[in-house]
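Please read the structure below before turning to the comments.
The values are calculated or read from the model by the stated rules, or taken from the named source; none is laboratory data. Quick caveat, the model's predicted, so the values are computed rather than measured. All Cβ positions, glycine included, derive from the backbone under ideal geometry; neighbour counts span all protein chains shown.
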Amino acid sequence: MTQHTDYAGLLGLAGEISRESDLDGLLLKILTKSLPWMRVDACSIFLPCDNTGDLVIHSAQGETAPKLGAFRVPAGKGIVGAAMLEKKLIRVDDAANDDRVYKEADKKTGWTTRALLAAPLLDGDECLGVIEFLNPQERPIFTPEDEQLVEYFAGLVAAALGRVRAQAVAIERAALQRDLDLAREMQAGLLPGEFPERESSPALELFAMLEPAQQVSGDLYDFFFVEPGKLCFVVGDVSGKGVAAGLFMAVTRTLVRAIARPGLSPAQILSAVNAELCRENDACLFVTMILGIADTATGEIVCGLGAHNPPVRLPRGGAPEFGPLGGAPLGLMENAVFSEWSLRLEAGDALVVYTDGVTEALDDTGELFSNERLLETLSRTPVTSSQDVAMEVSRSVAEHVGGAERSDDITIFVLRKRGD
């Protein structure tokens, strides 16, 4: 077999592996079809284990190849370990008398390694694994020409592995994105889509908005009638972000709706929801919350406080002021105590409830939007409608953040007593 023939076979195989998109299929094709042009007894590919760094054999091909199963070489051990660490081809002419050779493979199988070539699979500066050829046929040792072939072939294999790995990552990310999109759609579907009309809420009109920092939000708002004329509303903020926080949010909303009923005070509802959230909460997530019951005919409101940001009372023609802090987060302590705050909105007054994504929004210098900016924004905002108030707060926060990355979800809930 001439060197020209070897390269012809190599180039043919290069074309085949460049079209393979499956990792297992790619490795099998490399191992089985590289034997004829390399004229060896066996070929193996070792890939690093993500957890330990050990080099795990993928397969060994050839009729006389050792049957190694899930054999692995400890990180840095043997010729394959050295080739991985040093990122260079290593040739061994007398394996039996070379202390660098990892002898456990031969001990396990009874096979005898006489000579070997091990080449790192380099993708730029990263070593993806090692390809190893064992026991040359029709020649006692590997030749310099063999080394040239293997180095060139290792480059092709590394490129193919890098491509397949990138495709797998892209597919995984696309699947994750689909799941996140679906989760976002489902979560958005949990939020009320329509606000009460004058017929069901003659004295109060409301507006709420949620702007997630990520695709799935840990914030929540909800409102529903526990009985005619009694509107239950809730604004909450789950610890953490992402899918886990989103799931905890959905569970919390479901519990609130299941537990709230006529005759229960906001503090009693919070206590019952907290008891349920504390059950099997291995992730130790928690939610801060304000839960209120509003009389839609009189504007009287009782708020249950669960360690949430203090709401703001915004009187028509007067200075906005914070309500009290109180209560405890839900989901951590079964015996948590929750306090209440009562108020009555007069014509044109509003109540603003929000999550800490508002006051803790950061600009590109790390400066908070702050409680002071919230009051300043509200003091210059005409209380013409609940939607106008919420949109002005959102606009002011966005102006403060500018081009900085949003760090948290933002929820704004406004109840306003009609002034006409």
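Worth a mention:
Each row is one residue, and each column tells you yes or no for (1) surrounded by fewer than 19 Cβ atoms within 10 Å (Cβ to Cβ); (2) part of a loop (DSSP other than H, G, I, E, B); (3) without any contact (Cβ under 8 Å) to a residue 60 or more places away in the chain.
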| site | (1), (2), (3) |
| --- | --- |
| ALA83 | no, no, yes |
| ARG100 | yes, yes, yes |
| THR112 | yes, yes, yes |
| PRO120 | no, no, yes |
| ILE131 | no, no, no |
| ASP146 | no, no, no |
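- Taken across the range 395-413, residues that are at positive phi, without any contact (Cβ under 8 Å) to a residue 60 or more places away in the chain and not hydrophobic (A, V, I, L, M, F, W, C) do occur, with at least one present.
- The strands (runs of 3 or more DSSP E) found wholly in the range 193-243 and carrying at least 3 residues that are in contact (Cβ under 8 Å) with a residue 24 or more places away in the chain and among the charged types (D, E, K, R) occupy 219-227.
- Of all residues making up the range 381-406, the number that are more than 19 Å from LEU314 (Cα to Cα) and surrounded by fewer than 16 Cβ atoms within 10 Å (Cβ to Cβ): 6
- Test: residue in the range 242-255 that is over 29 Å from the mean Cα position of the chain (by Cα) and within 19 Å of ALA336 (Cα to Cα): no
- Only one of GLU276, GLU280 that is under 27 Å from the mean Cα position of the chain (by Cα) and assigned to a helix (DSSP H, G or I): GLU276
Condition check ((1) surrounded by fewer than 21 Cβ atoms within 10 Å (Cβ to Cβ); (2) at pLDDT 70 or above; (3) among the hydroxyl-bearing types (Ser, Thr, Tyr)) across all residues:
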residue	(1), (2), (3)
GLU16	yes, no, no
GLY25	yes, yes, no
CYS43	no, yes, no
LEU47	yes, yes, no
ASN51	yes, yes, no
LEU55	no, yes, no
GLU63	yes, no, no
PRO66	no, no, no
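- For ALA96: the one exception among (1) crowded, with 17+ Cβ neighbours inside 10 Å; (2) of a type in the set (Gly, Ala, Ser); (3) modelled with pLDDT of 85 or more: (1)
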